[in-house]
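*Asks:* One structure, as structure tokens, below. Some questions next.
The values are calculated or read from the model by the stated rules, or taken from the named source; none is laboratory data. These figures come from a predicted structure and were not determined experimentally. Cβ: placed from backbone, ideal geometry, glycine included. Neighbour counts: every protein chain shown.
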């Protein structure tokens, strides 16, 4: 997973990902992509106090090999439906 998204990031310099997050799972990981392009992601941390959002940010920074500061939450601060922008 993530190969096409990595290529797009390298080609365009940034990418916006749509995610469906489920908090308090056994580990943080992507579970697959829906037909509409939304990536399902499990998050170990709870959704309270932004912990899950910070964990997703760190996970995406690791996956795309960019600093955490280059991953921004655009939409979905208090929703399981989220949009993150990743920049080189």
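*Asks:* Need the failing condition index for residue 30 against (1) exposed (fewer than 12 other Cβ atoms within 10 Å of the Cβ); (2) at pLDDT 95 or above, just the number.
*Replies:* The single condition residue 30 does not satisfy is (1).
*Asks:* Would you confirm whether any residue within segment 42-57 is touching a helix residue (DSSP H, G or I) at 6+ places or on another chain (Cβ under 8 Å), touching a residue at least 12 places away in the same chain (Cβ under 8 Å), surrounded by 13 or more Cβ atoms within 10 Å (Cβ to Cβ) and assigned to a helix (DSSP H, G or I)?
*Replies:* Yes.
*Asks:* A further question on this structure: Could you tell me whether residue 63 is under 13 Å from the mean Cα position of the chain (by Cα) and surrounded by fewer than 12 Cβ atoms within 10 Å (Cβ to Cβ)?
*Replies:* Here the answer is no, as residue 63 does not meet what is asked.
*Asks:* With respect to residue 36, is the statement that it is loosely packed, with under 15 Cβ neighbours inside 10 Å, under 16 Å from residue 80 (Cβ atoms) and without any contact (Cβ under 8 Å) to a residue 40 or more places away in the chain true?
*Replies:* Yes: the conditions hold for residue 36.
*Asks:* Continuing with the same structure: Kindly provide the set of residues from segment 64-84 that are touching a helix residue (DSSP H, G or I) at 6+ places or on another chain (Cβ under 8 Å) and under 11 Å from residue 41 (Cβ atoms), ordered by number.
*Replies:* 82, 84, listed by residue number.
*Asks:* Sticking with this one: Which count do you get for residues in segment 1-13 that are in contact with a strand residue (DSSP E or B) (Cβ under 8 Å, 6 or more places away or on another chain) and either surrounded by fewer than 13 Cβ atoms within 10 Å (Cβ to Cβ) or in a helix (DSSP H, G or I) (or both)?
*Replies:* Of the residues in segment 1-13, 5 are in contact with a strand residue (DSSP E or B) (Cβ under 8 Å, 6 or more places away or on another chain) and either surrounded by fewer than 13 Cβ atoms within 10 Å (Cβ to Cβ) or in a helix (DSSP H, G or I) (or both).
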